[in-house]
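Quick notes on the structure that follows.
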Amino acid sequence: MMSFDPNAFLIISTASLIAISCGLLGVFMMLRKMSMTGDAISHAVLPGIVIGFFISGSQRGLEVIIGAGILGILATLMIDWFRKKAKVQLDASIGITFTLLFAIGIILINVLAYKVDLDQECVLYGEIAYLPIDLWITGSGMNLGPRITWLAVLNLILVLGFIVSLFKELSLTSFDEGFSLVIGLPAGAINLALMSMVSYTTVSSFEAVGAILVVALLVVPPATAFLWTKKLIPLIKITAGLGVIISIIGYYFAYWLDSSIAGMMVSVSGVIFLASAILKSKKPNFKFGTKIADKPFSI
């Protein structure tokens, strides 16, 4: 019988919180056909992280989050400008934006090498296994537990508050941006708010799981859930459930194989998606790759 491991519980719980936060935002990104914008943001915020680190001297400084948030919003505005004003296709706009800003971040790390002790591999891969020893100690010496777990809890609360308070607006602008503009909804502002929340979620999760797993959690669970339902509320519930399942299975496989936890979680999410795609493709009335416009979708 397997004994209770508090470190495993902390890692799985924190990964689940991050997975749910990313997945909930990823649902609305997917509905807007902007899933890979999360990838662009996760790479584009690197210059903001470097500048914030340079100013504060710490990866934990508020300046890092502010810098990353500003760069995330900048990346969103650049993608939107390339697409609407320069008439560049969305995929090309995303590719141009994230490679340009990410390259600037790498250059800044090299230029400030003697002043910024920041490894780009840490940003890309993260290491959630160190979570139990990264404790939040108050000024009085009180141990409040893993710092990143508290950040994950705060992030989930903010994401849930954001989605609940703007659920109608997010739904309408995701399904029909033209109609939302007709009835007076500020679609541009709502989209910017969503991208800002994605930016915050991305940077707050970097230290624990890295950019690669953040991107996977933004894209794969919502895409997998979409194979099983075309209704918004069940889509959100399945996405959240998949985030927890991926965290549990990914951790234990990584433990048994002595491999990267974040890398194993990405692999597990891919396997679950592939299995779902194979199962659904065998149904005669289901056409894999169905678009929202081709099939009824409702709340």
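Readers should treat all values here as calculations from the given coordinates under stated rules, not as data from a laboratory. This one's a predicted model, so the numbers in the text were calculated from it and none came from an experiment. Virtual Cβ from ideal backbone geometry, glycine too; neighbours counted across all protein chains shown.
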- Where the Cα pairs of segment 6-219 fall when distances are cut into 10 Å bins, in %: 9, 33, 35, 18, 5, 1
- Message: Could you sort the peptides 33-42, 13-22, 140-149 by per-residue average Cβ neighbour count (10 Å cutoff), highest mean leading?
- Response: 13-22, 33-42, 140-149
- Just how far, in whole angstrom, is segment 126-191 from segment 205-281 if you go by their alpha carbon centroids? 18
- Message: Can you tell me the length gained on complete extension of the stretch Asp5 to Leu77, counting 0.36 nm per residue apart and subtracting the Cα distance?
- Response: 21.4 nm
- What is the calculated FRET efficiency for Thr138 to Ala193, with r their C-beta to C-beta distance and R₀ = 30 Å, to the nearest 0.05? 0.35
- Simple label model, 7 Å out from Cα along Cβ direction - Trp228 to Leu158, nm: 2.9
- Item | Vicinal HN-Hα couplings computed from phi for segment 142-155 (Karplus, 6.51 cos²θ - 1.76 cosθ + 1.60; Hz; Gly/Pro x) | 6, 8, 9, x, x, 5, 5, 5, 5, 5, 5, 5, 4, 4
- Sort Phe102, Phe253, Phe162 so the one with the fewest other Cβ atoms within 10 Å of its own Cβ comes first. Phe253, Phe162, Phe102
- Task: Specify which residue in the list Gly69, Val209, Gly141 is farthest towards the positive end of the charge dipole of segment 6-219, using unit charges on the beta carbon of Lys, Arg (+1) and Asp, Glu (-1), about the Cα centre.
- Result: Gly69
- Quick one: net charge around Ile190, please, counting Lys, Arg +1 and Asp, Glu -1 for every other residue with C-beta under 15 Å from its C-beta. -2
- Task: Note down the nm distance, to one decimal, between modelled labels 7 Å out along Cα→Cβ at Glu177 and at Ile55.
- Result: 3.0
- Taking the Cα centre of segment 6-219 as origin, sum charge times position over the Cβ atoms of Lys and Arg (+1) and Asp and Glu (-1), and report the length of that vector in debye to the nearest 20. 460
